[in-house]
1. With a cut-off of at most 15 other beta carbons within 10 Å, and DSSP calling the residue loop, which GluC sites (Glu not before Pro) in the range 322-411 qualify? Please list them.
2. Taking amide H positions as placed 1.01 Å from N in the peptide plane, with prolines and chain starts having none, which residues 5 or more places from M197, or on another chain, fall under 5 Å of its amide H?
3. Quick one: if the Förster radius is 22 Å, what FRET efficiency do E212 and R105 give, using the C-beta to C-beta distance and rounding to 0.05?
4. Out of the DSSP beta bridges found with both residues in the chain, what percent are antiparallel (nearest 5)?
5. Considering lysine pairs in the range 330-416 that are 8 or more places apart or on different chains, how many have Cα atoms under 16 Å apart?
6. What's the Kirkwood radius of the range 286-376 in Å, using all Cα pairs?
7. Between 0 and 90 degrees, rounded to the nearest ten: what's the tilt of helix 375-386 against the longest Cα principal axis of the chain?
8. Counting other beta carbons within 10 Å of each Cβ, put S218, S351 in order, fewest first.
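Each reported figure results from applying straightforward, stated rules to the coordinates on display, with no laboratory input. Here the structure is a predicted model, which is why all the values come from computation and not from measurement. Note: ideal-geometry Cβ built from the backbone for every residue, glycine included; neighbour counts use all protein chains shown.
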Amino acid sequence: MPIELETIIGLEVHAQMSTKTKMFCSCDNDAFGKAPNTTVCPICMGHPGTLPVPNEEAINKAIMASLAIKCEIGEQNHFDRKHYFYPDLPAGFQISQYDFPLAERGTVTYDQTDSSGKIIATKVCKITRLHMENDAGKLMHRGTTSLVDYNRAGTPLMEIVTEPDLRNAEEAVAFVQELRRILIAVNASEADMFKGMMRFDASISLREVGTEKLNPRSEIKNLNSYKSLERALKYEERRLRKLWDKDGGPPPNDITVGWVDDEEKTKMLRNKETADDYRYFPEPDIPPLRFSKEEVSAFAKELPTLPREQREEYLKLGIDEKQAMQLIDQPKLRVIFDSVYKKTNDAKRTSSIVLTQLLGFLNSEEKNIEQAPEANMILELLECIDSGTISANAGKEVLGKMVQTGKTPKEIIKDEGMQQISDDSAIEELVQKAIEANPKAIESFKSGKEAALGAIVGWVMKESKGQANPAKVNEILRNKL
């Protein structure tokens with residue numbers, strides 16, 4: 001009878017903190033797209049005699065992230081030197097945390113969903129620790145030549161380490177998606193994976209079902225997308241199962257592997273390092289950090305509504321699960337939706353304008369939400385509709401042109417001559433013409449056919465090119481008849 005095996009997965013998530021400057025110096029923390037080696041200084045380049053100064057903003061953001069994932073903040077923690085040699089680490093060591101990390105013992109509750117967005121399982125992953133560190137630079141390989149860009153060196157990072165609580169690749173992806181939402185919600189990180197602001201190291205092993213022993217593992221380094229995380233874990237699981245079948249047991253020791261995206265397979269890098277290999281010792285140039293219970297409580301009071309609570313609030317408004325997740329995952333879309341809902345207090349109307357019309361126009365123009373009009377422009381459009389300047393139908397047309405051109409609602413209304421006619425005398429004139437031009441419809445209405453009135457109103461709207469106020473047209477028409 002074949003042995004039944006289960007998969008054991010733990011993650012290390014590295015998230016770049018959204019600060020103005022780097023972790024231990026005043027260099028610009030936004031290096032993406034900048035010329036190589038232009039956002040550097042003697043401190044982040046590790047020049048002898050330079051002294052690191054901890055970034056208070058980074059520490060505060062790491063505390064907020066720790067509290068959001070329900071970690072306990074250590075009253076005293078300190079930085080350590082983690083030694084290893086690599087060309088992109090200019091000092092020859094990384095300033096990290098080991099024995100006394102910023103925070104420990106947290107949890108993240110996450111949902112697994114099907115393709116329609118429906119929740120199929122809710123699970124909890126325990127967090128071992130969250131600690132702070134500075135990033136290394138970036139290596140670029142071109143044939144036999146390697147180039148080093150140190151712009152990223154010194155970038156403030158949070159490393160979030162999980163317990164081995166995940167049991168398959170889908171759970172791992174669902175967990176990091178929820179973690180990313182939390183980090184963005186508390187403004188600790190933008191977590192933009194396209195810019196390399198969130199990366200994963202995934203450890204995977206197998207064990208016999210019913211046992212508690214953790215066997216030697218493979219650590220897959222530097223995964224930078226949900227897709228690569230899922231594919232790498234699935235590939236490595238298949239490889240480990242084949243090895244188990246061949247050897248009759250787990251591999252003899254821990255190894256570190258890299259994911260080759262183009263070939264969709266892992267490759268051996270080295271045997272896994274241990275803490276002894278890194279020769280940790282306390283960072284001599286930075287004193288220990290101390291946080292009182294009162295200070296931690298003050299941070300906790302500043303926590304915003306977290307994604308799971310936000311989702312519940314949207315569901316109560318009648319928004320479906322998929323739309324709720326859209327709002328949570330796209331901050332700008334959420335800002336627009338919340339602004340419109342606050343003004344209208346009408347969830348159905350807000351959903352129609354933001355989640356149907358706006359997203360529809362963006363899709364047709366092949367634009368993303370970041371290219372959408374700002375919330376204040378959408379509110380200006382609503383003001384034009386609600387004040388009677390334009391009709392609701394015209395408002396939809398204006399919104400489409402706002403997405404297309406980037407112009408404001410008032411500019412479009414003026415340029416297109418779309419201002420609604422609300423003057424009573426002008427509408428009376430149009431209604432009189434409609435009565436004269438539609439004698440059969442008038443006769444039908446007088447004989448009790450209510451629907452005939454709609455044909456007459458339609459005639460007025462067509463004649464006025466949609467600019468007549470339909471409510472006033474209806475009112476004046478009924479009075480005349």
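1. Loop-located and lightly packed - E365, E366, E374.
2. When sequence neighbours closer than 5 places are left aside, the close amide H contacts are D192.
3. Efficiency, from the Cβ-Cβ distance: 0.65.
4. Given both bridge residues lie in the chain, the antiparallel proportion sits at roughly 90 percent.
5. Close lysine pairs under the 16 Å cut-off: 10.
6. 15.2 Å
7. 20 degrees
8. Final ranking by Cβ density, sparse to dense: S351, S218.
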